[in-house]
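To keep things clear, I will list the structure first and then write my remarks on it.
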Amino acid sequence: MLSQLYIENIAVIEKAEIRFQPGFNALTGETGAGKSMIIDAINAILGERMSKGLVRTGARTAFVSALFTDAGEEAARKLRELGYELQEEDNSILIQREISQEGKGSCRICGRPATVSTLKELGPFLIHIHGQHESYHLLSPELHMEYLDRMGGLEPLLSQYRRAFSEVKRIRREINHCNMDEEQKARRMDLLRYQISELEDAQIRVGEQEELFRKKAVYANSKRIAASVSEAKGILDGSEDNPGVLAALSAAADSLMDAQRYLPALRPLAERLRSAAYDLEDCSGELRSATAQLEYDPEDQERVEERLDTLYRLGLKYGESEEAMLGYLEKCRAELRGIELSDENIERLTEEFAVARDESIRLAKELSAKRAETASDFTARVKAELRFLDMPNADFQVEQERCPLNDYGCDRIQFLISANAGEPPRPIAKIASGGELSRIMLAIKTVLAGRDETDTLIFDEVDTGISGSAARKVGLKLREVSEHRQVICVTHLAQIACLAGCHFFIQKQVRDNRTFTQVTRLDFEGRKRELARIMGGAEITPLMLENAQEMLKTAGIFPETT
């Protein structure tokens, strides 16, 4: 569960530390106090986009840290899969994220560097956030099938079907490619033969361009090279007026050889000088050979230039490197062989297509049958939840229609709802109000809770559009869900906030013309005043406080339990 959230320099929040509790946590506060910033900070920990615009004015960086304790098995497994380990002392996961004013950021998991994509992979195993936007996702039938498959645990079967259907699409593409008309075939074969001929005639060899560029450089700098070689040779060999290094070194060696007759210790030095003289004689000989090779050949230079131009022109068409051009040549040869053997290929592919299609149909029908079974149980359970949430006359149905094979099987799934008795069920998008959407979403999430391994559920203002007894029922349902996992709810309704085991108050203050947000955990008296504020506004009367106290006691919240 999410035990501790630390936020620094995010929008109006300069510093805030929230220690969430197990069970049901409520967050309340006036509009604009910073509740959405807390959700944004949690989203950042989950790998969502974190704009540099979130960095508080005047601050260099923004920082968020979240500590998850008692991590579930699925979260621990995913963490290990991503290459990280739980912190040994308490089996916890610490996630940190920072972003600068320049937009640069960094992430850490358990103290080790991580990427945003890694956070995004790990996030769903730690927290699910359900907000108003997700209620409106119910208007999209594409998600209805996802909910149904999750309810039935059909994801593995769906993955198996998708692999089979992917094979069907691959074979169909190959057949379509082979089935081009004769005129298309002729045009394509002519082009391929021309390209193959052009590349084969060029006799491309890997490494040739690099050799030619070196040779071109020699020709371009031949005068400078010749002058340098000549100068070096003159220094070694000398001239009529200057004996040169070789002659001088030999003379030095002869002098020491004469001296070593009287001082034997000089003999090793004399031999080293003699050896050096022999080495320099070899160098002089190699310089003579190099001088002979430096003869300028204008015809060879022209051949080098023409060859480089040919390779450059072919590179523009078939790939910059010799490897790329040779790879393109093999690709053309393979395609030409495929077209020439297209009749044989079509016969083989048609047989493969029939096998793959039959397997896809079999899996799609199996998937469809299991969805039908799941829909019956799903419908009954959602109806029961809706009755509890003050929609006693609601009729919820799952419409399942057959359609051509696609990535999801052979079904078209859509949720239908009738909020009033006597009205036929119709698509949710045409019927449900905002308040009804919130309750339908909560009902579905409650039904799916058993299929969800996530330890923490966050509900962001899912009470929109409801009040009175319906609001209390929503609060009771959230409390029920919190018996098995941690629930954090951002709410504007006293009927929901009073049922939470832990209540945080988010307050905006202005000091020195700067806005600051403070998050405070409320005691029993603080909860009374906050509930009274929510119900009555700015002016809090003794009667409002009395009503707030009664709400807390009715919810089982007493001074000693807060």
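Which of the following residues is in contact (Cβ under 8 Å) with a residue 12 or more places away in the chain, of a type in the set (V, I, T), closer than 22 Å to Q486 by Cβ and open to solvent by less than 30 Å² (accessible area, probe 1.4 Å): I99, I93? Break it down into steps so the answer makes sense when it comes.
Numbers: I99 fails: closer than 22 Å to Q486 by Cβ.
None of the others qualify; the one that does is I93.
Which is modelled with pLDDT under 85, exposed (fewer than 12 other Cβ atoms within 10 Å of the Cβ) and polar (S, T, N, Q), of S284, S289? Show your work before the answer.
Working: S284 fails: exposed (fewer than 12 other Cβ atoms within 10 Å of the Cβ).
Only one candidate qualifies: S289.
Among the listed residues F388, F378, identify the single one that is modelled with pLDDT under 90, in contact with a helix residue (DSSP H, G or I) (Cβ under 9 Å, 6 or more places away or on another chain) and aromatic (F, W, Y).
On the way: F378 fails: modelled with pLDDT under 90.
Just a single option satisfies the conditions, and that option is F388.
Among residues belonging to the range 385-397 that are open to solvent by less than 30 Å² (accessible area, probe 1.4 Å) and touching a strand residue (DSSP E or B) at 6+ places or on another chain (Cβ under 8 Å), point out the one that is nearest to R362 (Cα to Cα).
In this case the residue turns out to be F396.
Scanning the range 492-544 for residues that are part of a helix (DSSP H, G or I) and in contact (Cβ under 8 Å) with a residue 60 or more places away in the chain, which turns out farthest from L5 (Cα to Cα)? Even if it seems obvious, please write down each step before you answer.
In the first step, residues of the range 492-544 are kept if they are part of a helix (DSSP H, G or I); the result is 494-497, 524-536, 542-544.
Of the ones still in play, those that are also in contact (Cβ under 8 Å) with a residue 60 or more places away in the chain are 496-497, 530, 534.
On the way: I496: 22, A497: 20, E530: 22, I534: 25 Å.
By that ranking, first place goes to I534.
Kindly list, by first and then second residue, each pair from a residue in the range 151-177 that is without any contact (Cβ under 8 Å) to a residue 24 or more places away in the chain and at negative phi to a residue that is open to solvent by less than 70 Å² (accessible area, probe 1.4 Å) and not hydrophobic (A, V, I, L, M, F, W, C), limited to pairs with Cβ atoms under 7 Å and residues at least 6 apart or on different chains.
From residues that are without any contact (Cβ under 8 Å) to a residue 24 or more places away in the chain and at negative phi, the pairs are E155/D149.
Take Y84 and decide whether it is hydroxyl-bearing (S, T, Y) and free of Cβ contacts under 8 Å to residues at least 40 places away in the same chain. Steps first, please.
Working: hydroxyl-bearing (S, T, Y): yes; free of Cβ contacts under 8 Å to residues at least 40 places away in the same chain: yes.
For Y84, the condition - hydroxyl-bearing (S, T, Y) and free of Cβ contacts under 8 Å to residues at least 40 places away in the same chain - is met.
Filter the range 102-130 down to the residues that are outside any strand (DSSP E or B) and of a type in the set (S, T, Y), then identify the one that is surrounded by the most Cβ atoms within 10 Å (Cβ to Cβ). Explain how you work it out, then say what you get.
Here is the first cut: in the range 102-130, the ones outside any strand (DSSP E or B) are 102-104, 110-111, 115-126.
From what's left, of a type in the set (S, T, Y): 115, 117-118.
Working: T115: 13, S117: 11, T118: 18.
Across the range 102-130, the extreme among qualifying residues is T118.
Of all residues in the range 311-334 being in contact (Cβ under 8 Å) with a residue 40 or more places away in the chain and open to solvent by less than 40 Å² (accessible area, probe 1.4 Å), which is farthest from the chain's Cα centre (by Cα)?
L311
Assess whether R412 counts as being farther than 23 Å from R472 by Cβ, open to solvent by 60 Å² or more (accessible area, probe 1.4 Å) and in contact with a helix residue (DSSP H, G or I) (Cβ under 9 Å, 6 or more places away or on another chain). Break it down into steps so the answer makes sense when it comes.
Details: farther than 23 Å from R472 by Cβ: yes; open to solvent by 60 Å² or more (accessible area, probe 1.4 Å): yes; in contact with a helix residue (DSSP H, G or I) (Cβ under 9 Å, 6 or more places away or on another chain): yes.
In short, yes.
Give the range 503-518 a look and list any residue that's at negative phi and at pLDDT below 90, or say none.
Step one: of the range 503-518, the residues at negative phi are 503-511, 514-518.
Listed by number, the residues that qualify are Q507, K508, Q509, V510, R511, R514, T515, F516, T517, Q518.
Return yes when Y84 is part of a strand (DSSP E or B), under 25 Å from the mean Cα position of the chain (by Cα) and closer than 19 Å to A114 by Cβ and no when it is not.
Answer is no for this residue.
Step by step: first the residues of the range 371-384, then only those that are surrounded by fewer than 17 Cβ atoms within 10 Å (Cβ to Cβ) and touching a residue at least 24 places away in the same chain (Cβ under 8 Å), then the one that is nearest to V481 (Cα to Cα). Which residue is that?
D377
Considering only the range 437-462, how many residues are modelled with pLDDT under 80 and part of a strand (DSSP E or B)?
Number satisfying all stated conditions: 0.
Tell me yes or no: at least one residue of the range 52-71 is closer than 28 Å to D523 by Cβ and charged (D, E, K, R).
Step one: list which residues in the range 52-71 are closer than 28 Å to D523 by Cβ, which gives 64-70.
Imposing the further condition that a residue be charged (D, E, K, R) reduces the set to 70.
Within the range 52-71, one or more residues are closer than 28 Å to D523 by Cβ and charged (D, E, K, R).
Here is a yes/no grid of residues against (1) without any contact (Cβ under 8 Å) to a residue 40 or more places away in the chain; (2) open to solvent by less than 50 Å² (accessible area, probe 1.4 Å):
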{"site": "F213", "(1), (2)": "no, no"}
{"site": "N221", "(1), (2)": "yes, no"}
{"site": "R224", "(1), (2)": "yes, no"}
{"site": "S228", "(1), (2)": "yes, no"}
{"site": "I235", "(1), (2)": "yes, no"}
{"site": "L246", "(1), (2)": "yes, yes"}
{"site": "L249", "(1), (2)": "yes, yes"}
{"site": "L269", "(1), (2)": "yes, no"}
{"site": "S275", "(1), (2)": "yes, no"}
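Could you go through the range 463-478 and let me know if any residue there is in contact with a strand residue (DSSP E or B) (Cβ under 7 Å, 6 or more places away or on another chain), outside any strand (DSSP E or B), closer than 17 Å to I127 by Cβ and open to solvent by 10 Å² or more (accessible area, probe 1.4 Å).
Within the range 463-478, the first condition is being in contact with a strand residue (DSSP E or B) (Cβ under 7 Å, 6 or more places away or on another chain), and the residues that meet it are 478.
Add one more test, that the residue is outside any strand (DSSP E or B), and what stays is 478.
Subsequent filtering for residues that are closer than 17 Å to I127 by Cβ retains 478.
Subsequent filtering for residues that are open to solvent by 10 Å² or more (accessible area, probe 1.4 Å) retains none.
Among the residues of the range 463-478, not one is in contact with a strand residue (DSSP E or B) (Cβ under 7 Å, 6 or more places away or on another chain), outside any strand (DSSP E or B), closer than 17 Å to I127 by Cβ and open to solvent by 10 Å² or more (accessible area, probe 1.4 Å), which makes the answer no.
Among the listed residues G58, G23, G32, G72, which satisfies the condition of being open to solvent by 10 Å² or more (accessible area, probe 1.4 Å), out of contact with any strand residue (DSSP E or B) (no Cβ under 8 Å at 6 or more places or on another chain) and on the phi > 0 side of the Ramachandran plot?
Details: G23 fails: out of contact with any strand residue (DSSP E or B) (no Cβ under 8 Å at 6 or more places or on another chain); G32 fails: out of contact with any strand residue (DSSP E or B) (no Cβ under 8 Å at 6 or more places or on another chain); G72 fails: on the phi > 0 side of the Ramachandran plot.
Exactly one of G58, G23, G32, G72 is open to solvent by 10 Å² or more (accessible area, probe 1.4 Å), out of contact with any strand residue (DSSP E or B) (no Cβ under 8 Å at 6 or more places or on another chain) and on the phi > 0 side of the Ramachandran plot, namely G58.
Looking at (1) in contact (Cβ under 8 Å) with a residue 24 or more places away in the chain; (2) in a strand (DSSP E or B); (3) open to solvent by 50 Å² or more (accessible area, probe 1.4 Å), find the lone condition where D40 falls short.
Single failed check for D40: (2).
Being under 27 Å from L442 (Cα atoms) and touching a Ser or Thr at 6+ places or on another chain (Cβ under 7 Å) is the filter here, so list the residues in the range 505-527 that pass it.
In the first step, residues of the range 505-527 are kept if they are under 27 Å from L442 (Cα atoms); the result is 505-506, 519, 521-522, 527.
If the condition is that a residue be under 27 Å from L442 (Cα atoms) and touching a Ser or Thr at 6+ places or on another chain (Cβ under 7 Å), then F505, I506, R527 are the ones that fit.
From the list I171, I196, I175, I204, which residue is of a type in the set (V, I, T), over 30 Å from A276 (Cα atoms) and assigned to a loop (DSSP other than H, G, I, E, B)? Break it down into steps so the answer makes sense when it comes.
On the way: I171 fails: assigned to a loop (DSSP other than H, G, I, E, B); I196 fails: assigned to a loop (DSSP other than H, G, I, E, B); I175 fails: assigned to a loop (DSSP other than H, G, I, E, B).
Result: I204 is the single residue among I171, I196, I175, I204 that is of a type in the set (V, I, T), over 30 Å from A276 (Cα atoms) and assigned to a loop (DSSP other than H, G, I, E, B).
Just for the range 479-491: of the residues that are assigned to a helix (DSSP H, G or I) and more than 31 Å from the chain's Cα centre (by Cα), which one is farthest from Q4 (Cα to Cα)?
Narrowing the range 479-491 to residues assigned to a helix (DSSP H, G or I): 479-481.
Among the residues that remain, those that are also more than 31 Å from the chain's Cα centre (by Cα) are: 479-480.
Numbers: R479: 21, E480: 23 Å.
Checking each candidate, the answer is E480.
Scan (1) under 30 Å from L493 (Cα atoms); (2) open to solvent by 10 Å² or more (accessible area, probe 1.4 Å); (3) part of a helix (DSSP H, G or I); (4) not hydroxyl-bearing (S, T, Y) for the single condition E48 breaks and write down its number.
Condition not satisfied by E48: (3).
Kindly list the number of the only condition in (1) under 20 Å from V487 (Cβ atoms); (2) part of a loop (DSSP other than H, G, I, E, B); (3) in contact with a Lys or Arg (Cβ under 6 Å, 6 or more places away or on another chain) that fails for Q4.
Single failed check for Q4: (2).
The values are calculated or read from the model by the stated rules, or taken from the named source; none is laboratory data. Here the structure is a predicted model, which means the values were calculated and not measured. When we count neighbours, we look across all protein chains shown, and the Cβ atoms used for this are built from the backbone with ideal geometry, even at glycine. SASA here: full protein model, heavy atoms, side chains in, ligands and nucleic acids out. Shrake-Rupley method; radii C 1.70, N 1.55, O 1.52, S 1.80 Å.
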